[in-house]
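*Asks:* This is the structure, below, for whatever I ask next.
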Amino acid sequence: MYEDKLHEECAVFGVSVNSGEAPGITYNGLLSMQHRGQEGAGIAVTKGNALLYHKDVGLVSEVFTKEVMSRMPESNMAVGHARYSTSGANTPNNVQPFIQEYLTGRIAAVHNGNITNGAEIKARLEPLGLDFEATSDTEIITALIAYHTVQSGELIHGVVKACSQLVGAFSLLILSGDHKLIAIRDPNGYRPLCLGENESGLVVASETCALDSTGFHFVRDIEPGEIIVIEDGRITFDEICLSSARRGLCIFEFIYFSRPDSVIDGQSVYEARFNMGRILAREHPVDADVVCGAPDSGLDAAAGYAYESGIPLVTGFVKNRYIGRSFIFPSQAQRKNAVKMKLNPLRPTVDGKRVVLVDDSIVRGTTSELVIQNLRSVGAREVHMRISSPPFRHPCYYGTDVPTEEYLIANQSSVEEIRSKIGADSLGYISIDGLRQACDQCRLPFCTGCFNGEYSVPCAPNVKGENK
């Protein structure tokens with residue numbers, strides 16, 4: 001069953017420094033991006049000309065215990081990955097990095113995104129003797145790179161040739177046994193990727209918050225279609241090697257996925273969300289007593305709504321931060337109470353009040369309905385829901401687990417019908433134009449296909465990547 005929140009595929013992190021601390025730096029970088037994926041984690045490091053790795057299902061801290069970290073060798077290069085699985089089995093086979101050996105070397109690869117022509121590429125490679133054990137696009141990408149590296153005799157050429165055949169989203173890091181760290185971003189720029197440095201060397205990460213957390217300062221974003229090769233803590237090759245007629249950063253990086261302290265392609269995530277709330281207040285005003293956000297994704301937009309409207313901002317919920325993924329619901333009644341286990345309404349702030357509730361999205365509507373019921377159960381007189389994304393009407397094919405259209409409440413129902421189903425007194429979504437305005441500092445245009453069906457790369461409805 002689909003959850004009523006979206007999930008993003010994963011986080012990638014790579015480092016090349018002049019000390020043996022690369023494994024620990026990578027661990028800390030992945031911890032800071034745990035929000036991007038909580039189902040698996042892995043790190044690969046260089047040791048001499050060999051690549052050593054450890055990966056498993058679980059949170060970063062569960063996979064990399066003190067004992068595991070104590071066994072990892074000192075190394076000056078590493079890549080790491082934190083994963084969320086969209087629909088396939090969450091097994092160690094599908095956890096990254098993927099390691100590929102070929103005639104002249106060995107590589108480890110980590111990937112954020114979805115490749116929509118992965119099945120076609122796999123069908124071309126299997127007759128050539130390449131074996132596949134997982135259901136991940138990353139395994140296919142790694143095998144394709146190895147194949148073209150053998151054909152061309154040079155790793156960088158192999159990476160460029162392989163990536164030129166990929167359709168879809170990829171922010172990709174490759175670590176080679178000959179001590180190269182290669183970063184490449186798809187020509188559409190769907191997924192973020194940035195470069196940081198300090199006196200010890202360079203890192204590449206999905207978000208700038210990982211640079212801050214590991215003691216590196218932001219240098220710049222990796223450009224769409226750009227490949228960067230890092231050796232001994234410095235860039236040795238840099239080129240725009242892939243092109244596209246149309247660019248489109250996933251707009252949900254600003255709505256939900258990224259941490260608010262990150263800056264993506266020139267746009268502060270916090271400022272974007274605050275602006276979304278301000279624009280929501282202008283587009284959908286309401287007479288109310290208090291504004292509150294649904295933790296954590298609605299808090300910044302709620303602050304913006306309160307600022308623009310002049311309605312006081314209050315804490316509407318207490319969040320249980322210690323449930324993790326282990327809470328079980330043995331009966332239907334307990335499953336219905338799951339929202340209260342995670343988000344319990346705070347009676348003193350909402351009792352007798354007309355409440356504006358701000359959240360980032362409505363996917364299926366089930367969670368919104370329960371949250372509104374819970375607010376009413378502690379005395380909320382009215383609940384007016386405001387959403388900082390437009391209505392979800394179409395699936396995503398590029399690394400977000402937006403379900404098929406029959407599961408999307410906005411694809412099946414009008415705004416008024418959704419309002420009635422979730423039990424809100426009023427319901428307002430930000431417009432697509434308003435959303436773009438909120439993110440107007442971003443250097444890239446956006447992919448808004450999940451809202452209006454206009455994808456940056458046309459994709460047949462039955463073609464979806466296999467990054468499961």
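The values are calculated or read from the model by the stated rules, or taken from the named source; none is laboratory data. These numbers were taken from a predicted model, which means no experiment stands behind them. Reconstructed Cβ throughout: ideal geometry from the backbone, glycine too, with neighbour counts over all protein chains shown.
*Asks:* I need the full set of residues from region 232-278 which are closer than 26 Å to residue 78 by Cβ, basic (Lys, Arg) and not in a strand (DSSP E or B), in order please.
*Replies:* 259
*Asks:* Another question about this same structure. Being of a type in the set (S, T, N, Q) and surrounded by fewer than 24 Cβ atoms within 10 Å (Cβ to Cβ) is the requirement here; does residue 206 meet it?
*Replies:* Values: of a type in the set (S, T, N, Q): yes; surrounded by fewer than 24 Cβ atoms within 10 Å (Cβ to Cβ): no.
Taking the combined requirement at face value, the residue does not satisfy it.
*Asks:* Among the helices (runs of 4 or more DSSP H) contained in region 400-454, which hold 3 or more residues that are in contact (Cβ under 8 Å) with a residue 24 or more places away in the chain, under 29 Å from residue 11 (Cα atoms) and in the same structural domain as residue 371 (by TED's automatic domain parsing)? Quick ask: steps written out before the conclusion?
*Replies:* Values: elements: 409-412, 415-422, 432-438, 449-452.
Answer list for region 400-454: 432-438.
*Asks:* Tell me, please, whether a residue that is in the same structural domain as residue 191 (by TED's automatic domain parsing), over 24 Å from residue 22 (Cα atoms) and modelled with pLDDT under 90 can be found in region 140-158.
*Replies:* For region 140-158, residues in the same structural domain as residue 191 (by TED's automatic domain parsing), over 24 Å from residue 22 (Cα atoms) and modelled with pLDDT under 90: absent.
*Asks:* Right, something else. For region 25-33, state whether one or more residues are surrounded by fewer than 24 Cβ atoms within 10 Å (Cβ to Cβ), of a type in the set (A, V, I, L, M), at pLDDT below 95 and out of contact with any Gly (no Cβ under 9 Å at 6 or more places or on another chain).
*Replies:* Within region 25-33, none of the residues are surrounded by fewer than 24 Cβ atoms within 10 Å (Cβ to Cβ), of a type in the set (A, V, I, L, M), at pLDDT below 95 and out of contact with any Gly (no Cβ under 9 Å at 6 or more places or on another chain).
*Asks:* Counting just the residues of region 124-145 that are over 28 Å from the mean Cα position of the chain (by Cα) and free of Cβ contacts under 8 Å to residues at least 12 places away in the same chain, which one comes out nearest to residue 157 (Cα to Cα)?
*Replies:* Residues of region 124-145 that are over 28 Å from the mean Cα position of the chain (by Cα), as a first pass: 124-131.
Going one step further and asking which of them are free of Cβ contacts under 8 Å to residues at least 12 places away in the same chain, we end up with 124, 126-127, 129, 131.
On the way: 124: 20, 126: 22, 127: 23, 129: 21, 131: 22 Å.
It comes out as 124.
*Asks:* Quick check: anything in region 310-321 closer than 20 Å to residue 440 by Cα and either surrounded by fewer than 24 Cβ atoms within 10 Å (Cβ to Cβ) or in the same structural domain as residue 439 (by TED's automatic domain parsing) (or both)? Spell out how you get there, then give the answer.
*Replies:* Restricting attention to region 310-321, the residues satisfying the condition of being closer than 20 Å to residue 440 by Cα are none.
No.
*Asks:* So, in region 304-319, how many residues would count as being under 26 Å from the mean Cα position of the chain (by Cα) and among the hydrophobic types (A, V, I, L, M, F, W, C)?
*Replies:* Residues flagged as under 26 Å from the mean Cα position of the chain (by Cα) and among the hydrophobic types (A, V, I, L, M, F, W, C) within region 304-319 amount to 2.
*Asks:* Scan 375, 427 and give me the residue that is touching a Pro at 6+ places or on another chain (Cβ under 6 Å), buried (at least 22 other Cβ atoms within 10 Å of the Cβ) and more than 28 Å from residue 168 (Cβ to Cβ). Break it down stepwise before answering.
*Replies:* Working: 427 fails: touching a Pro at 6+ places or on another chain (Cβ under 6 Å).
After ruling out the rest, the residue left standing is 375.
*Asks:* Condition first: part of a loop (DSSP other than H, G, I, E, B), closer than 10 Å to residue 359 by Cα and small (Gly, Ala, Ser). Now tell me which residues in region 279-306 satisfy that.
*Replies:* Taking region 279-306 as the starting set, the residues that turn out to be part of a loop (DSSP other than H, G, I, E, B) are 284-289, 294-298.
Narrowing further to those that are closer than 10 Å to residue 359 by Cα: 294-298.
Those that are part of a loop (DSSP other than H, G, I, E, B), closer than 10 Å to residue 359 by Cα and small (Gly, Ala, Ser): 294, 297, 298.
*Asks:* Quick check on region 61-82. Is at least one of its residues of a type in the set (Lys, Arg), buried (at least 24 other Cβ atoms within 10 Å of the Cβ) and more than 19 Å from residue 145 (Cα to Cα)? So that I can check it myself, show each step before the final result.
*Replies:* We begin by selecting, within region 61-82, every residue of a type in the set (Lys, Arg); these are 66, 71.
Right, trim to buried (at least 24 other Cβ atoms within 10 Å of the Cβ) and you get none.
No - not one qualifying residue is present in region 61-82.
*Asks:* Restricting to region 273-284, and then to whatever is over 20 Å from residue 315 (Cβ atoms) and touching a strand residue (DSSP E or B) at 6+ places or on another chain (Cβ under 9 Å), can you tell me which residue is surrounded by the fewest Cβ atoms within 10 Å (Cβ to Cβ)?
*Replies:* 283
*Asks:* Kindly indicate whether residue 133 is out of contact with any helix residue (DSSP H, G or I) (no Cβ under 6 Å at 6 or more places or on another chain), of a type in the set (Asp, Glu) and either closer than 24 Å to residue 178 by Cα or modelled with pLDDT under 95 (or both).
*Replies:* Values: out of contact with any helix residue (DSSP H, G or I) (no Cβ under 6 Å at 6 or more places or on another chain): no; of a type in the set (Asp, Glu): yes; either closer than 24 Å to residue 178 by Cα or modelled with pLDDT under 95 (or both): yes.
The answer is no for residue 133.
*Asks:* Can you go through 190, 270 and tell me which one is among the hydroxyl-bearing types (Ser, Thr, Tyr), buried (at least 24 other Cβ atoms within 10 Å of the Cβ) and either in contact with a Ser or Thr (Cβ under 8 Å, 6 or more places away or on another chain) or at pLDDT 95 or above (or both)?
*Replies:* On the way: 270 fails: buried (at least 24 other Cβ atoms within 10 Å of the Cβ).
Matching residue, one of 190, 270: 190.
*Asks:* A further question on this structure: Just need a number here: residues in region 285-296 that are crowded, with 21+ Cβ neighbours inside 10 Å and in contact with a Phe, Trp or Tyr (Cβ under 8 Å, 6 or more places away or on another chain). First the steps, then the outcome.
*Replies:* Initially, region 285-296 is screened for residues crowded, with 21+ Cβ neighbours inside 10 Å, giving 288, 291-294.
Within this subset, residues satisfying the condition of being in contact with a Phe, Trp or Tyr (Cβ under 8 Å, 6 or more places away or on another chain) are 291-292, 294.
Number of matching residues: 3.
*Asks:* Out of the residues in region 344-369 that are among the hydrophobic types (A, V, I, L, M, F, W, C) and buried (at least 19 other Cβ atoms within 10 Å of the Cβ), state the one that is farthest from residue 253 (Cα to Cα). Walk me through it before giving the result.
*Replies:* Residues of region 344-369 that are among the hydrophobic types (A, V, I, L, M, F, W, C), as a first pass: 346, 350, 355-358, 362-363.
In the following step, the residues that additionally are buried (at least 19 other Cβ atoms within 10 Å of the Cβ) were identified as 350, 355-358, 362-363.
Values: 350: 31, 355: 27, 356: 24, 357: 21, 358: 18, 362: 16, 363: 16 Å.
My answer is 350.
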